[in-house]
1. Mind sorting B:668, B:560 by how few other Cβ atoms lie within 10 Å of their own Cβ, fewest first?
2. Two decimals is fine: what is log10 I(q)/I(0) at q = 0.05, 0.10, 0.12 Å⁻¹ for chain B, from a Debye sum with one equal scatterer on every Cα and no solvent?
3. Net charge near residue B:278: determine it from the other residues with C-beta under 12 Å of the C-beta of residue B:278, scoring Lys and Arg +1 and Asp and Glu -1.
4. Compute the angle between helix B:625-644 and the longest alpha-carbon principal axis of chain B, please, reported from 0 to 90 degrees and rounded to the nearest 10.
5. Mind listing the Cα extents of region B:162-244 along all three principal axes, in Å, largest one first?
6. Across every pair of different alpha-carbon atoms, what Kirkwood hydrodynamic radius in Å does region B:418-490 reach?
7. Roughly speaking, what is the stretch gain from residue B:393 to residue B:273, that is 0.36 nm per residue apart minus the C-alpha to C-alpha distance, in nm to one decimal?
8. Identify all lysines with a Cα-Cα distance to residue B:103 below 16 Å; exclude those on the same chain that are fewer than 8 residues away in sequence.
Amino acid sequence: MMPTPHEFVLGGVYMPPMLVAAFFGLLATVGSVKLINRFRLANYFSHPAVVFLALVVIYTIIIGTFFIGA
Amino acid sequence: MTMALTTRTKEAIKTALAMTIAVGISLFMGWDKPMWTAFAVAFVSLATVGQSLNKATLRMMGTLAGAVAALAIIGLSPQDRWLFLILYSFWISLCTYMMGGVKNQYFWHVAGFVCGIICMDGGVNSENAFQITMLRTQQTGLGILVYGLISALLWPNDSGRKFTDSVNELTSTQHHFYRACMAILRGNGDPEKAESLQLQLLQQKSSLGQLLDAAEADTYDIRVQRQQWRDFQQQANALTTSMVRWLDDFGGDTAIDYDRLIPGLKSFDEIIDQRLDQVEGMLKGQAPEPLRETARLNPDPAALQSLTVFQKAELAVCLNQMEEFESLSRSIFGTVSHLKDFGLPDAGQPAPTASGPAFIPDLERLMSAVRVTATIWLAFLGIVYIEGWPGGAGFLAMATPIGMALAGTPQVSARLLLAPALTGVLFASVIYIFIMPSLAGYAELGLLIFLFTFFICYRYSEPKDSLGRAFGLAMFFAIASISNEQSYSFLVVANTALMMPLVFLIVAITAHIPSSPRPERIFLRLMKRFFRSCDYVLSSREIEAGKQSAGRDARRAAFHTRELAMLPQKMSGLVPQIDSGKLPGTTTAQLNSIVTSLQSLSERMQTLIEANSQIQAPRQLRDVVPDAVDWKASVQAAFVKLSTDPTSSDAALYHSRLSSIMAVMEQHVQNQLNTLAEGKVSAQDGEKFYRLLGAWRGVSEALVAFADSTMPVKWTPWREERFT
């Protein structure tokens, strides 16, 4: 069952679920590209900067849909 | 018992005191936005009164220019957001282009971002535009006035002494460099020592200009003699360049016994040595002896016979350089004796400056302008089309100065800058949320401002920490939003905290214009451009024939000649930013060696351009022209290949190909000279021809040296893609 979209409360401040999902998406992307660099797999991409942006979007959607409920 | 304060503490106290007084006056006068006066104090405070006054003048003038531009843009584009965006981005890109120049960079930066602040604050409500403009101008003026008074009255630190010390250091280093070069020429020198002195000279040269600007502003003696000091600076720079080229000319070959070849060399050396010694003495107030003339350096005809054609060519080039720096040292002697009032008749002439087209575009600066335009458009589109964009119109006002500052250095990772910015936000937020609400009256707020400013200025006092200092102070005053009717809102903190990552995200995206911002990729791109310019210069008929061309050709020739001179310097600035840890098989020393070899090639190409423009091969020696054509074709082919792939150089191949061509050319010249009747080629013609030959030989050697320097580097990791 998909999680229900809801705001996150931090010290009385309400934060939109998409912001939280994007934050974790960015963290996951940074971790992934470090691994990709470590194993020299970035060589298979012609534009790593575009891949970085695409990974952020993919992770944000996955985390938002299946874990947070954005 | 008295406790001596360090310079660091004194400077921090001065800035903190000026900040507290300026914000206090602004509040007392009932002016809105006292943070603007705080920004003025924070950004104009520098080590000496002169430096601060110069920066303050540039800030004030920039504020006025930015204000006029903002009012014009608002007036020309009422109710038309797209026309506004076009005019605004044009002005900002113009300011960014001008910021990349050598003079008044700060003026153009301020002229750009002040326009942004006024447009964003006043543009939304056009009735307020004039009021906002006046407010910004008076707040900036107040900050400058208060800091100027404090720095002039409290522990004044003028630039005159620093400038004098810097001049003494420069002349002393030049003297030592001359001695090191002469020792190498005579076969008993230390090339490493000469290289280290050369590096020192380049550093001293750049700091001297800044100190002279500052000393003119705060030291009366320097100000009244500023024209002579400018002449001295120009002559000293020309002397350094001349000596560096002289060293390049003979540095690679010590097989010639110059003492035996040139009987007057010892006397020449003594006179120049004494002249440079006296220049140093005059600057310290010692009266000089009358100027001694040097005899013309004529080689011994008998000893000359033992030299090969190319050794004669090397000798001709070397003697030409020595005559040039003899003339420059005489000019410096005259200028200094005039400056120090020793009354010697020869006041010296400033070194001639090259004349050329008035405007030569610079590709890096153009790219900066394109990047900042893209940053502004992305920010503006975000504000217009994405609801709830943090900061609203204020986002553009924040994106503009950051975008302008970073547009010229796309290789600097935005992530590195985000850290100090977010630290500044965090620090300022804690004070804003937890401390400021409990304060009552300006006595307490003033104490907080003083302590905070003192802490930031003391903690980030080194020039390398200027970013931390700028962000720390800017974020504090932006978030605190100090006013007479103080209010507190968490939204201010949240919006500012969200704006920073978004600004840096946009800057990180636009840094990819025109392609990867990785410093090693930029290094390769600049190398390609360097060899394209080499190719153009070598093939250009205008340059080859020494013609004074006009219009488009003249601009292209001037563009490529300047590219040759500037690109090695730009590459040198990139070397510290290349992370050799991520490029296995590459070391910083190897990269420095490549840059040095390109610098040498640039000097040799410059010598070739000058030789081509000043002299033509004598008619009697035109038979070697086919060899020269072969040589040119071979070198040009190498340049074309290197301009597509600078990593493809093959030292052994270049060496063998160019050596064989030069050997054939040498043989032809020798045969030609042998067949000519005695006296048919005048000594002057012969010397000119040898200079031309020397210039060709120099370019060949520098090309082989470049290929040698690239051989140890493993280029494969440079070509691999990587996430930055």
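Rule-based calculations on the coordinates, nothing more; no lab input. In this text, all values refer to a predicted model and were calculated from it rather than measured experimentally. Counting neighbours? That spans all protein chains shown, and the Cβs are built from the backbone with ideal geometry, glycine included.
1. Numbers: B:668 18, B:560 23.
If I rank by nearby Cβ atoms, fewest first, I get B:668, B:560.
2. With no solvent term, the Cα-only Debye profile gives -0.32, -1.10, -1.38.
3. Values: positive: B:275, B:284, B:292, B:330, B:340; negative: B:273, B:277, B:280, B:289.
Residues close to residue B:278 contribute a combined charge of +1.
4. 30
5. Principal-axis extents of region B:162-244 (Cα, largest first): 47, 17, 15 Å.
6. Values: mean 1/r = 0.0788 Å⁻¹.
Roughly 12.7 Å, rounded to one decimal.
7. Numbers: separation 120, 0.36 × 120 = 43.20 nm, distance 6.42 nm.
Computed gain between residue B:393 and residue B:273 is 36.8 nm.
8. The reachable lysines, counting only those whose Cα sits under 16 Å from residue B:103, are B:55, B:205.
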